[in-house]
Amino acid sequence: MTSTNAATAPAANPKAATPAEGALLTVQDLTTYFFTRQGLVKAVDGVSFELQRGETLAIVGESGCGKSITALSLMRLVPDPPGRILDKSRIVLDGVDVMKLDESAMRKVRGNDISMIFQEPMTSLNPVMTVGDQIAEVLLLHQGMTKAEATAKAVDMLRLVKIPTPEQRVREYPHQLSGGMRQRVMIAIAVACNPKVLIADEPTTALDVTIQAQILDLIVELQKKLGTAVILITHDLGVVAEAAQRVIVMYAGRKVEEASVEDLFGASLHPYTRGLLASIPRLDLIRGAEDTSPGRLQEIPGIVPALHDLPKGCAFAPRCTYADERCKAEYPAYEEKRPGHWAACWKSEIVAGGTNG
Amino acid sequence: MAEPRAQDLPIAPAAGGASLSNGTGTGPSQSANGKASAMAAEAAPVLEVRDLKKHFPVKKGLLRKTVGHVYAVDGVSFTIGRGETVGLVGESGCGKTTVGRTLLRLVEPTSGQILLDGKDVTNLSKNEFRPYRREMQIIFQDPFSSLDPRMTAGQIVSEPLEVHGEGDRSQRRERVAELFRRVGLRPQQMDNFPHQFSGGQRQRIGIARALALNPKLIIGDEPVSALDVSIQAQVINILMDLQKELGLSYLFISHNLAVVEHISHRIAVMYLGRIVEYADKKTIFTAPRHPYTEALLSAVPVPDPRVKRKKIVLDGDVPSPVKPPSGCHFHTRCPIAVARCKEESPALVEKAPGQFAACHLR
């Protein structure tokens, strides 16, 4: 930690000075490109946001929208080549400019200040190490504990994530655990060093519904207990509504909307967000509804554009019912349309007039 | 509409697994009565499944000795009417996929009966079964691995026509073009290979292939689970449109309750190889009887932050189907279980008109 403090100085950049005050994590103009044979893939294109202490920020979008690459970029885990985080990107974590750290300093940040839970608990755990050793590993590495201390802490961590009989489970291997328990172990590893930021990339997607509810509850509970700020990456709007305070919607590598959960679900200003909300079948609507004959779902026509071949104007224009010539020619400005509610759409006032979902 | 048909639901699951049978076993006689009444009320169901079981042997050691069984499907009965969609929901490992595969005899059932249009097809030989198989088609979950990457989309869709000797080459090509239009693909795309299509388009190819032989019943095994939300809606709409136009019946297998709710008329909830509740969808969603159904419904996150709902979070994991718990399979996780649940397997009985549930207490 102390070694990284030297890197705080460059953060006195006039651009970053103000937002860095209160926010725990400030991301400015994050741009991650992949240089592939098909051409330049703009996976993340100028994404900026702030994360406050103890808050849960959700990033939603469909596959290929850049939400996972945003997460990997924050950890600086984008494979280079073919990927690269462009130099203009700034990631400031608690006063430390993460982009300016060298690899060995970065390694001290990963798992200690920022850690991550992945979607697939089976492939992200080491099959030939006991779960106890895998939890102890981060503690030995970052906290300078002795082997005995780390093992004892590993048992505590398993208890914290509510794994029954932790003394016994600590000696077991991942294949001996169920999917839900493996995800609990992943969470135990991620929070073992009490990180400032926890990135959860689709943490419940691979799990069954009843297990999903358990894991989601656990994340929310741990966050309250430990005061960790959480970035929740998901495609499931139900999970967002349940666990997050603020939401960023991404489409084709860019942020298209950002608002509080209430504003986004109540009065979204981007046609893509509206389309997403309208296209999911809702369980809560049938309860009490008189007519239960299945109606048509509202669909978003067309498909997500290829990232190496984006249209000139708004990337959503080819699928948007509101789009006109201007949308097709000019990328819409990302503006604060309502207090605390940002959107990138030329037509947001007309969209706001329509009914939501 | 569910009432007359619901009666022909045999109460067989009461018998439980071979090793666990301690139910009341009212199976065969009831189902015979039920069948007659259904015939009188309406045309016979397209599909009727009676006490279907599939136990996979677990082999161990050098001599591959059978040391146990996976009770994947353990006495499942239901019917599907013409133009009806029955949803089959449950968590991974509950046996819902095995039910689908057993119906097509992609895996052979251990016991039970499968009646297609009133004809028992359970024990037919491969050759005898072939004409019946055209009546039942399947759409798989993964649009990436279920299409042969070296065949063009057109060849994939026309393959079932060739196998069943339908028409000549030009007639088949015409039929394929028509199927392409029907599922929202352009006939010009017939000569493209699967990798040139997006996930949603690939699933449309899968649907076109399933439609090729004009089946009566399509089994959808998680057909939209691998797709993005906006594409999911497109595929669900196509399936519903096709049902309306062609009078198809669907068995819609999914873990996604919201999707099942949207597309189905009746819903069966499975837990560890057995149906625990079976009713029309409105009843299932507004007045569930079985505590598992209740917990499953309450666990689904609602995409509306204003809705504050009472969540029933179940403890623990789904037990292994190799050693299912005694009595009611659900008693280890059930919030209201009593001593009796541990010992006695509850029968699937009609608790309210058209609503069947297997629970001692509700």
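Looking at the range B:321-331, is at least one residue at the interface with chain A (Cβ under 9 Å from one of its Cβ atoms) and not hydrophobic (A, V, I, L, M, F, W, C)? No; the residues of the range B:321-331 include none that is at the interface with chain A (Cβ under 9 Å from one of its Cβ atoms) and not hydrophobic (A, V, I, L, M, F, W, C).
Taking the range A:129-213 as the region of interest, the helices (runs of 4 or more DSSP H) fully inside it that hold 1 or more residues being within 14 Å of chain B (Cβ to nearest Cβ) and either hydroxyl-bearing (Ser, Thr, Tyr) or touching a residue at least 24 places away in the same chain (Cβ under 8 Å) (or both) are A:166-169, A:179-191.
Scanning the range B:103-160 for residues that are surrounded by 15 or more Cβ atoms within 10 Å (Cβ to Cβ), without any contact (Cβ under 8 Å) to a residue 60 or more places away in the chain and outside any helix (DSSP H, G or I) returns B:Arg105, B:Val107, B:Pro109, B:Thr110, B:Val121, B:Thr122, B:Leu124, B:Leu147, B:Thr152. Scanning the range A:261-277 for residues that are among the small types (Gly, Ala, Ser), at the interface with chain B (Cβ under 8 Å from one of its Cβ atoms) and surrounded by fewer than 22 Cβ atoms within 10 Å (Cβ to Cβ) yields a total of 1. Restricted to the range B:78-89, and to residues there that are within 12 Å of another protein chain (Cβ to nearest Cβ) and within 10 Å of the chain's Cα centre (by Cα), the residue that is farthest from B:Thr102 (Cα to Cα) is B:Thr85.
Would you mind stating whether B:Lys281 is of a type in the set (Lys, Arg) and within 20 Å of B:Ala352 (Cβ to Cβ)?
Spelling it out, B:Lys281 is indeed of a type in the set (Lys, Arg) and within 20 Å of B:Ala352 (Cβ to Cβ).
Looking only at residues in the range B:302-314 that are facing chain A (nearest Cβ under 8 Å) and of a type in the set (D, E, K, R), the one that is surrounded by the most Cβ atoms within 10 Å (Cβ to Cβ) is B:Asp304. For the range B:195-209, taking the residues that are among the basic types (Lys, Arg) and within 12 Å of chain A (Cβ to nearest Cβ), the one that is surrounded by the fewest Cβ atoms within 10 Å (Cβ to Cβ) is identified as B:Arg202. The set of residues in the range B:299-330 being over 30 Å from B:Pro57 (Cβ atoms) and within 22 Å of the chain's Cα centre (by Cα) consists of B:Ala299, B:Val300.
All of the numbers you see were taken from the coordinates with simple rules; none came from a lab. This structure is a prediction, so every number in the text was calculated from the model and none was measured. Here the Cβ is made from the backbone with ideal geometry for all residues, glycine too, and neighbour counts use every protein chain on show.
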